[in-house]
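Below: one structure, written as structure tokens.
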Amino acid sequence: AKKSEQDNVYFYSSELTENTIKRWSVENQLRESLENNDFILLYQPKVCSKTHSIVGVEALIRWPRGNETPIYPSEFIPIAEETGLIIALGKWVIEQAIEQLSLWKDSVCQELSIAVNVSSRQLYSEGFTEFVIGALEKFNIPACKLEMEITEEHLAPTNQEKTIKETLQTLTDIGIKISIDDFGTGYSSLSQLKILPISVLKIDKSFIDNIPDNKQNVAIIKSIISLAKNLNLKVVAEGVETIEQLICLREYDCEIIQGYYFSKPVSDCEIKELLISNSLS
Ligand code: C2E
Ligand code: CA
Ligand code: CA
Ligand code: CA
């Protein structure tokens, strides 16, 4: 017993070291890729559940690394957040998304909005709202076309709460829409809903996965939709993959659908094609 215990300890600590080295290496590569502008954005449509027309897109970052093993945002975004690199990376995302809107201006629907994911580290960063206003002005895009998706976790109250509330208020005052991403998976959402200027709730994929079989999830989804309606918020279901899920969500009166059923996140060229024809089956 003693020996295997020791083995475990040994195994555990070598794994720790391996993780530390890997994180450090990812951090350095992130820095380098930021300097070289090596990131791209993909776009996933948000679709009206009734008409199937595209009402917006979400920008999702990708890190193309040639022949090297892919690293997904779920892995590198937390590292970027911890190291503070998210501030520069996030600025790139915002500016790139706004520029993309300006490039689509003449060819696609004027109502189209673009959503970017924003972490609390960015919201707290010095000069964030000024940067966003500057980027909108640079590309001559009205603020109402920009949406920011923030997870509940990032909206959780901290001792800096006032700053986040003030920042969101400033962003909302100029016309930017704020969504709560992964809604229902955090803990303090209801009180935050009362305090913060929110326009959209995005129901987390984990609630969508096994409807209509999972009655608890059905009950949760219906409650979120009615909560949103009563508070005058829009509601988006994310991670919708099947026609059965779509039919349920339409029946529950969920306005907007996002997920592989309609489209995976695609390149700027591919989304432009979809936007021009604007018909999804
Ligand atoms: P998220 O904001 O909740 O984005 C939804 C994730 O689910 C995306 O993964 C998307 O590709 C994926 N997805 C969409 N529809 C479906 C579906 O029907 N089925 C399945 N299985 N997956 C679906 P992705 O692009 O890997 O991003 C993961 C997370 O990384 C995002 O979760 C977001 O929190 C973060 N992220 C991505 N881009 C950015 C960014 O530019 N900035 C920041 N701060 N975070 C980002
Ligand atoms: Ca999101
Ligand atoms: Ca989400
Ligand atoms: Ca998610």
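The values are calculated or read from the model by the stated rules, or taken from the named source; none is laboratory data. Quick caveat, the model's predicted, so the values are computed rather than measured. Every residue, glycine as well, gets a Cβ built from its backbone with ideal geometry; the counts of neighbours run over all protein chains shown.
Among the residues of the stretch 84-95, just one is under 20 Å from N19 (Cβ atoms) and surrounded by fewer than 17 Cβ atoms within 10 Å (Cβ to Cβ), namely G84.
Tell me whether the stretch 70-86 contains one or more residues that are under 18 Å from S267 (Cβ atoms) and more than 17 Å from the chain's Cα centre (by Cα). Checking the stretch 70-86: at least one residue is under 18 Å from S267 (Cβ atoms) and more than 17 Å from the chain's Cα centre (by Cα). Flag: K272 does not match the condition of being without any contact (Cβ under 8 Å) to a residue 40 or more places away in the chain, of a type outside the set (D, E) and in contact with a Phe, Trp or Tyr (Cβ under 7 Å, 6 or more places away or on another chain).
Considering the conditions (1) within 16 Å of ligand 2 (Cβ to nearest atom); (2) in a loop (DSSP other than H, G, I, E, B), C109 is excluded by exactly one of them, (1).
Rundown of residues vs (1) surrounded by fewer than 18 Cβ atoms within 10 Å (Cβ to Cβ); (2) closer than 23 Å to K50 by Cβ; (3) within 14 Å of ligand 1 (Cβ to nearest atom); (4) among the acidic types (D, E), yes/no style:
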position	(1), (2), (3), (4)
D204	no, yes, yes, yes
T242	yes, yes, yes, no
Q245	no, yes, yes, no
F262	no, yes, yes, no
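For I114, indicate whether it is in contact with a strand residue (DSSP E or B) (Cβ under 8 Å, 6 or more places away or on another chain) and over 15 Å from E166 (Cα atoms). In short, yes. Taking residues in the stretch 81-103 that are charged (D, E, K, R), and partners anywhere that are assigned to a helix (DSSP H, G or I), the pairs with Cβ atoms closer than 7 Å and at least 6 places apart or on different chains are E81/R121; K91/F131; E95/A135.
Specify the residue that is farthest from ligand 4 (Cβ to nearest atom); the eligible residues are those in the stretch 51-64 that are in contact with an Asp or Glu (Cβ under 8 Å, 6 or more places away or on another chain) and not in a strand (DSSP E or B).
P64
Once the stretch 228-281 is narrowed to residues that are touching a strand residue (DSSP E or B) at 6+ places or on another chain (Cβ under 7 Å) and assigned to a helix (DSSP H, G or I), the residue that is nearest to G184 (Cα to Cα) is A228.
One residue stands out in the stretch 141-161 among those that are modelled with pLDDT of 95 or more and assigned to a loop (DSSP other than H, G, I, E, B): the one that is nearest to ligand 1 (Cβ to nearest atom), namely I141. Checked against the criterion of being in contact (Cβ under 8 Å) with a residue 12 or more places away in the chain, touching a helix residue (DSSP H, G or I) at 6+ places or on another chain (Cβ under 8 Å) and part of a helix (DSSP H, G or I), the candidates I164, I211 yield just one match: I164.
Just name the residue that is farthest from ligand 1 (Cβ to nearest atom) out of those in the stretch 65-106 that are small (G, A, S) and assigned to a helix (DSSP H, G or I). Of everything passing the filter in the stretch 65-106, S102 is farthest from ligand 1 (Cβ to nearest atom).
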